[in-house]
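Asker: This is the structure I have questions about; it appears just below.
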Amino acid sequence: EYQKEFLDHVGIDFNAFNVEVEEYCKEGDQQILLMMSMIPQKMKLMLKARNSVSKEKVKEIIKHQITIIQKELPKLLDTIPKPNPNDPNFNPEKLALLVNNRINDLVWKEFAIEEEDFIAAMKKPSIATNLEIN
């Protein structure tokens, strides 16, 4: 959603952009994969929250993320293009960003909460300094 708003703002057709990116990703272009995973992440950190997320919902989301990692990580990794460690552009952060994006997609499917709303909630001292998860 935010990517479309941004592309519209800078005058780039959203559908044409996605077609091009898809083609590069099919070719396994690691730089494009990194760019595509970093842009939304940076945008989310800059955007203001649109919705408030309660402390209890934050706990629920964190528990869900832990469950995803514990139970679904191998399946999740199968959905991500395997990086080539011999590639001179290889960057281990790429894999972490891609996994994080997939986990956030699953969180969205479960809770319909945008990552920037979750991040904003986590930045609140009342949540961040007093978050006990059982």
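The values are calculated or read from the model by the stated rules, or taken from the named source; none is laboratory data. As the structure is a computational prediction, the values presented were derived from the model and not from experiment. A quick note on method: Cβ atoms are made from the backbone with ideal geometry, for glycine too, and the neighbour counts reach across all protein chains shown.
Asker: Among 61, 113, 66, which is aliphatic (A, V, I, L, M), touching an Asp or Glu at 6+ places or on another chain (Cβ under 9 Å) and modelled with pLDDT of 85 or more?
Answerer: None of the other options fit; the residue is 61.
Asker: Can you spot a residue in segment 39-58 that is of a type outside the set (Lys, Arg), assigned to a helix (DSSP H, G or I), within 17 Å of residue 100 (Cα to Cα) and at pLDDT 80 or above?
Answerer: Yes: one or more hits.
Asker: Another one. Test residue 72 against the criterion of being surrounded by 10 or more Cβ atoms within 10 Å (Cβ to Cβ), among the charged types (D, E, K, R), assigned to a helix (DSSP H, G or I) and at pLDDT below 75, and give yes or no.
Answerer: Answer is no for this residue.
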